[in-house]
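The values are calculated or read from the model by the stated rules, or taken from the named source; none is laboratory data. This one's a predicted model, so the numbers in the text were calculated from it and none came from an experiment. As a convention, Cβ positions derive from the backbone with ideal geometry for all residues, glycine included, and neighbour counts pool all protein chains shown. Heavy atoms of the whole protein, side chains included, go into the accessibility calculation; ligands, DNA and RNA do not. Shrake-Rupley method; radii C 1.70, N 1.55, O 1.52, S 1.80 Å.
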Amino acid sequence: RRLREGPILNFKAVLMGEGCVGKTSLVLRYMEDKFNAQHLSTLQAAFVTKKVTLPDERRAQLNIWDTAGQERYHALGPIYYRGSDGALLVYDITDHDSFLKVKSWVRELKQMRGSEIVLIIVGNKTDLEEQRAVVYDTATQYARTVGAQYMETSAKDNEGVSEVFELLTQLMIEHH
Ligand code: GDP
Ligand code: MG
């Protein structure tokens, strides 16, 4: 297939979600296989880049945009997600408000970008299962109604993290 022989496809993917849900931790885990218990300051660069090879050998370059913490002061506006092919909408499974915030960003993305962008909703911090505030099935069903995928992760325990970025890559290739 052309995908294997031609130039590597380049995708922009953005992380969205309330402060402290673990966006930067997911990137750090995926890029460097590290975890930090402190709240992480902004990455040096506006985005990080990784070449991803899927199990079926399809390849793509992912340009992953993390927020600079601006979600704490105002909404992540259109400038942030402009031109993106995919978005990871992250919430903390122990924090119901962070799930509601994801819903509002999904509405905004649907309004602004329609079906141009692939969406994965990510419930992070599954290592805190005993404090869970959002039922797995509720999140899955919500995702289905908006045409998004749903996955759960623990950046701390390294559960599901590479799977999220690989699924995102796969969906963006298919959507391309
Ligand atoms: P961001 O503001 O969304 O980028 O969140 P950070 O990545 O800075 O993480 C916020 C806090 O949550 C930090 O104290 C992290 O160590 C913690 N954290 C991130 N992911 C996890 C996780 O999977 N499990 C647990 N228990 N804590 C996490
Ligand atoms: Mg962050």
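Couple of notes before you dig in:
- GluC sites (Glu not before Pro), loop per DSSP, at most 16 other Cβ atoms within 10 Å - longest free stretch of the chain: 117-176
- Portion, in percent, of the accessible area of the chain that falls on carbon or sulfur, probe 1.4 Å: 48 percent
- Helix axis angle, 161-175 relative to the chain longest principal axis, alpha carbon, degrees: 50 degrees
- The simple spin-label model puts a point 7 Å past each Cα toward its Cβ; for residue 145 and residue 54 those points are separated by 2.9 nm.
- Alpha-carbon Debye profile of the range 79-176, log10 I(q)/I(0) at 0.17, 0.22 Å⁻¹: -0.73, -1.17
- When the listed pairs 103/125; 34/125; 23/50; 34/103 are checked against a 26 Å cut-off, the alpha-carbon distance exceeds it for 34/103.
- Ordering of 121-127, 101-107, 19-25 by packing is 121-127, 19-25, 101-107, highest average first (other Cβ atoms within 10 Å, averaged per residue).
- Counting only Cβ charges, +1 for Lys and Arg and -1 for Asp and Glu, the dipole size of the chain around its Cα centre is about 720 debye.
- Counting only Cα atoms, the range 35-136 measures 38, 32, 29 Å along its principal axes, largest extent leading.
- Principal-axis tilt of helix 136-145 within the chain, Cα atoms, nearest 10 degrees: 50 degrees
- log₁₀ of I(q)/I(0) at q = 0.15 Å⁻¹ - the chain, Debye sum with one point per alpha carbon: -0.81
- Less than 5 angstrom separates the built amide H of residue 92 from those of 98, 99, 124, all sequence-distant by 5 or more or on a different chain.
- With the simple model of a label 7 Å out from the Cα in the direction of the Cβ, residue 38 to residue 157 spans 2.6 nm.
- Ellipticity estimate at 222 nm from DSSP helix runs (n ≥ 4, -39,500 (n - 2.57)) divided over the chain, nearest 500: -10000 deg cm²/dmol
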